[in-house]
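J.: Quick one: structure below, then a few questions.
The values are calculated or read from the model by the stated rules, or taken from the named source; none is laboratory data. Remember, predicted model here, so these are calculated numbers, not experimental data. As a convention, Cβ positions derive from the backbone with ideal geometry for all residues, glycine included, and neighbour counts pool all protein chains shown.
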Amino acid sequence: MLASMSTETPVQAPLASARVRTLLRATVPALIIGAMCGALLWAIDEAAHGVTVFMWELVPEWTGVDPEARWWPIVVLGLAGLAVGIIIRYIPGHGGYDSATTELVAPPLPLKVLPGIALALIVSLGAGVSLGPESPIISIAVGLSMWGMTRIMPQISHGPVLLMAGAGMIGAMFGSPVAAALLLTELVAGVKLGGLLWDRLFAPVAAAASGALVANLLGVAFRPQEIGDYAGPHWTDLTIGIPIALAAAAGSLLGAWLMPRVWHLLRRFPNPIVFTTIGGIVLGLLGAIGGPLTLFKGAEQTGELISRAGEFSFWALLGMALIKVLALTVSAASGFRGGRIFPAVFIGAAFGLAGHSLVPDSSLALAIAAGSLGSILAIGRDGWLALFMGVALIGDIAILPVLCIIILPVWLLVTSAPAMLVHNGTVPPNAGHQPPPEPEITPSQATA
């Protein structure tokens with residue numbers, strides 16, 4: 001054995017050294033892309049906050065309208081639908097990919113399309129639409145990274161740049177490179193190529209770490225609640241956690257069932273200005289019924305809901321969860337641009353709080369983590385992300401062993417159910433709200 005090792009070492013050493021040099025060369029662009037993603041997330045968040053202040057504070061102040069009036073969300077979100085419809089109809093690129101038909105990371109789009117995506121996203125986020133920034137902002141990050149790297153480092157192929165940009169933005173949004181590593185593992189590991197998995201994840205994780213650091217410094221990354229009442233894993237946790245997670249998953253699957261039906265119903269109108277405006281008005285009605293906490297992407301609202309949970313009954317919490325499911329479904333199906341993960345966090349937290357209200361002596365952290373795991377798994381179909389967010393939402397790693405058991409029956413429920421995605425969606429020929437098709441980057445190209 002020793003002889004064998006000694007004869008292989010001279011051959012292996014140059015290969016290992018070359019691999020290290022390759023990884024180090026990828027680090028600089030990865031760190032640059034990640035830092036850009038953190039800054040981009042901050043810029044979009046600030047612009048959306050400006051829209052929020054304008055529509056929900058300044059306009060009511062100037063007009064003497066009570067922003068707490070039940071009818072005001074209908075006006076704001078109806079106008080937002082009109083604005084997004086105009087962007088989709090007339091701005092080059094038509095607002096990018098339809099959020100109801102697109103996965104988290106989509107093929108890159110040209111630079112001229114990105115301003116329209118940003119405008120549609122800013123209006124959607126700022127007005128209070130029940131979508132997060134995920135998919136559109138990743139599209140912007142990918143497009144900017146492709147454009148920039150083609151000019152300053154043309155030797156880098158497009159596939160790795162796509163992965164670095166996607167990972168950088170995921171790391172920025174969730175405030176941790178771990179989320180990006182877990183999400184990209186399924187893509188990278190599913191490719192039948194040689195080499196080590198972490199060689200392929202090295203640059204994306206570096207980009208995610210850079211994005212997370214910048215986003216945390218700028219104060220726009222997701223932050224855990226750190227509830228701190230979990231006493232440690234116990235078998236009795238399963239009797240609480242599994243029913244809550246299954247209920248959250250089942251309630252979220254209602255949106256998955258409705259999504260293609262609402263999408264096709266609204267696409268009977270040939271003009272996107274019509275169906276986004278209709279969607280905005282419906283969202284306003286849902287917001288008027290559910291209250292302010294059911295508006296917007298859900299990240300800040302989740303924290304407020306947890307802190308005020310004692311003010312709401314079981315039925316009120318369950319109602320907010322279901323209204324948020326409907327709002328998320330209508331938001332994506334009616335053409336607004338955004339992602340589903342942050343609304344799913346709110347949905348899961350509301351289901352968890354509803355379950356905890358029935359068994360108040362149980363752990364609040366366990367109920368919230370189980371609820372978020374169930375909703376994210378049903379809506380996002382990614383077990384790694386569901387586990388990560390379940391832990392991150394409460395800030396206690398001790399809950400991970402129990403969540404790893406809770407996720408098993410939930411996965412059995414969701415794996416045969418429809419995903420919250422419209423497959424093979426066709427639109428009227430004059431709707432003009434999809435960007436021109438781009439050459440797709442296959443998984444093998446992305447990991448090359």
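J.: Are any residues in the stretch 97-127 in a loop (DSSP other than H, G, I, E, B), of a type outside the set (S, T, Y) and within 16 Å of the chain's Cα centre (by Cα), and if so, which ones?
T.: Step one: of the stretch 97-127, the residues in a loop (DSSP other than H, G, I, E, B) are 97-110.
Next, from what is left, pick out any that are of a type outside the set (S, T, Y): 98, 100, 103-110.
If the condition is that a residue be in a loop (DSSP other than H, G, I, E, B), of a type outside the set (S, T, Y) and within 16 Å of the chain's Cα centre (by Cα), then D98, A100, E103, L104, V105, A106 are the ones that fit.
J.: Can you name the condition, by its number, that P401 falls short on among (1) closer than 13 Å to I341 by Cα; (2) outside any loop (DSSP other than H, G, I, E, B)?
T.: (1)
J.: Pull out all pairs, ordered by first then second residue, where Cβ-Cβ is under 6 Å, the residues are six or more apart or on different chains, the first lies in the stretch 365-385 and is on the phi > 0 side of the Ramachandran plot, and the second is surrounded by fewer than 24 Cβ atoms within 10 Å (Cβ to Cβ).
T.: R381/A419
J.: Can you tell me which residue in the stretch 229-264 is farthest from T329 (Cα to Cα), limited to those that are in contact (Cβ under 8 Å) with a residue 12 or more places away in the chain and among the β-branched types (V, I, T)?
T.: I240
J.: Could you please give the count of residues in the stretch 294-309 that are under 21 Å from the mean Cα position of the chain (by Cα) and touching a residue at least 40 places away in the same chain (Cβ under 8 Å)? So that I can check it myself, show each step before the final result.
T.: From the stretch 294-309, those under 21 Å from the mean Cα position of the chain (by Cα) are 294-306; that's our starting set.
Keeping just the survivors that are touching a residue at least 40 places away in the same chain (Cβ under 8 Å) gives 294-299, 301-303, 305-306.
Final tally of qualifying residues: 11.
J.: Return a yes/no flag: does the stretch 279-297 have any residue that is touching a strand residue (DSSP E or B) at 6+ places or on another chain (Cβ under 7 Å), within 30 Å of I86 (Cβ to Cβ) and either at pLDDT 90 or above or not assigned by TED's automatic domain parsing to the domain that holds L82 (or both).
T.: Looking for residues that are touching a strand residue (DSSP E or B) at 6+ places or on another chain (Cβ under 7 Å), within 30 Å of I86 (Cβ to Cβ) and either at pLDDT 90 or above or not assigned by TED's automatic domain parsing to the domain that holds L82 (or both), one finds at least one in the stretch 279-297, hence yes.
Quick grid of which residues meet (1) within 21 Å of A369 (Cβ to Cβ); (2) buried (at least 21 other Cβ atoms within 10 Å of the Cβ); (3) at pLDDT below 70:
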| position | (1), (2), (3) |
| --- | --- |
| A180 | yes, yes, no |
| E186 | no, no, yes |
| A207 | no, yes, no |
| L217 | no, no, no |
| Q225 | yes, no, yes |
| D229 | yes, no, no |
| I244 | yes, yes, no |
| A249 | yes, yes, no |
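J.: Something else about it: Take the residues of the stretch 372-397 that are more than 17 Å from the chain's Cα centre (by Cα) and part of a helix (DSSP H, G or I): which is modelled with the lowest pLDDT?
T.: Looking only at the stretch 372-397, we keep the residues that are more than 17 Å from the chain's Cα centre (by Cα), and these are 394-397.
Within this subset, residues satisfying the condition of being part of a helix (DSSP H, G or I) are 394, 397.
Details: I394: 83, I397: 79.
The residue in question is I397.
J.: Additional query: Which condition breaks for S157 when tested against (1) touching a Gly at 6+ places or on another chain (Cβ under 9 Å); (2) more than 30 Å from L58 (Cα to Cα); (3) of a type in the set (G, A, S)?
T.: That leaves (1) as the condition not met.
J.: While we're on this one: Can you spot a residue in the stretch 56-66 that is touching a Pro at 6+ places or on another chain (Cβ under 9 Å) and part of a loop (DSSP other than H, G, I, E, B)? Step through it out loud before you land on a result.
T.: Taking the stretch 56-66 and keeping what is touching a Pro at 6+ places or on another chain (Cβ under 9 Å), we get 56-57, 59-61, 66.
Filter again for part of a loop (DSSP other than H, G, I, E, B), leaving 66.
Yes.
J.: In addition: Is it fair to say A299 is under 21 Å from T52 (Cα atoms), in contact with a Phe, Trp or Tyr (Cβ under 8 Å, 6 or more places away or on another chain) and of a type in the set (G, A, S)?
T.: Numbers: under 21 Å from T52 (Cα atoms): yes; in contact with a Phe, Trp or Tyr (Cβ under 8 Å, 6 or more places away or on another chain): yes; of a type in the set (G, A, S): yes.
It is true that A299 is under 21 Å from T52 (Cα atoms), in contact with a Phe, Trp or Tyr (Cβ under 8 Å, 6 or more places away or on another chain) and of a type in the set (G, A, S).
J.: Does the stretch 407-419 contain at least one residue that is under 18 Å from G132 (Cβ atoms) and out of contact with any Gly (no Cβ under 6 Å at 6 or more places or on another chain)? Outline the logic, then answer.
T.: Step one: filter the stretch 407-419 for residues under 18 Å from G132 (Cβ atoms), giving 419.
Pick out the ones that are also out of contact with any Gly (no Cβ under 6 Å at 6 or more places or on another chain) and you get 419.
Looking for residues that are under 18 Å from G132 (Cβ atoms) and out of contact with any Gly (no Cβ under 6 Å at 6 or more places or on another chain), one finds at least one in the stretch 407-419, hence yes.
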